[in-house]
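Only the coordinates and a few stated rules stand behind these numbers; no lab work does. Nothing here was measured: the structure is a model prediction, and the numbers come from that model.
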Amino acid sequence: MNNKGFTLIELLGVVAVLGIIAIITVPVINRSLSQSKENLYDVQIEQIKKGCQDYYSEHLSELPENNALACKTIEELQKGGYLPLDIKNPKTNDLFDVNMRVCVKRSNNKKLEYIIYEE
């Protein structure tokens, strides 16, 4: 008799191995996706800070005095051409709130610090 094919035990063994591989790889892939979203979020925040920095480099008279804040909204930076109109939050996949404030603070040692206030 010529028996071609797989036995039930062989098929169950393959299914079990595939299940084990899935149990190992799915959490790793999810963790990798979450980490990449975090990294992209950090890049977007840096881009927003850079837009604010560009704005104040062209409007030096608006820079704050020591320990004071000067703020702009994302909408103001977008209208001025310092930020793209479609800047997205990768965590939510929505556009950043146009009312989110980006502030610059001058410390006592004259160093500028850029702060984002998410509302």
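Descriptive notes on the structure:
- Residue tally, condition under 19 Å from residue 36 (Cα atoms) and assigned to a loop (DSSP other than H, G, I, E, B), over the stretch 65-100: 6
- Selection within the stretch 1-60 - in a helix (DSSP H, G or I) and aromatic (Phe, Trp, Tyr): 41, 55, 56
- Among the residues of the stretch 13-34, those that are of a type in the set (A, V, I, L, M) and under 23 Å from residue 90 (Cα atoms) comprise 26, 28, 29, 33.
- Scanning the stretch 24-34 for residues that are under 30 Å from residue 112 (Cα atoms) and among the aliphatic types (A, V, I, L, M) turns up nothing.
- So residue 91, is it among the basic types (Lys, Arg) and more than 30 Å from residue 30 (Cα to Cα): no
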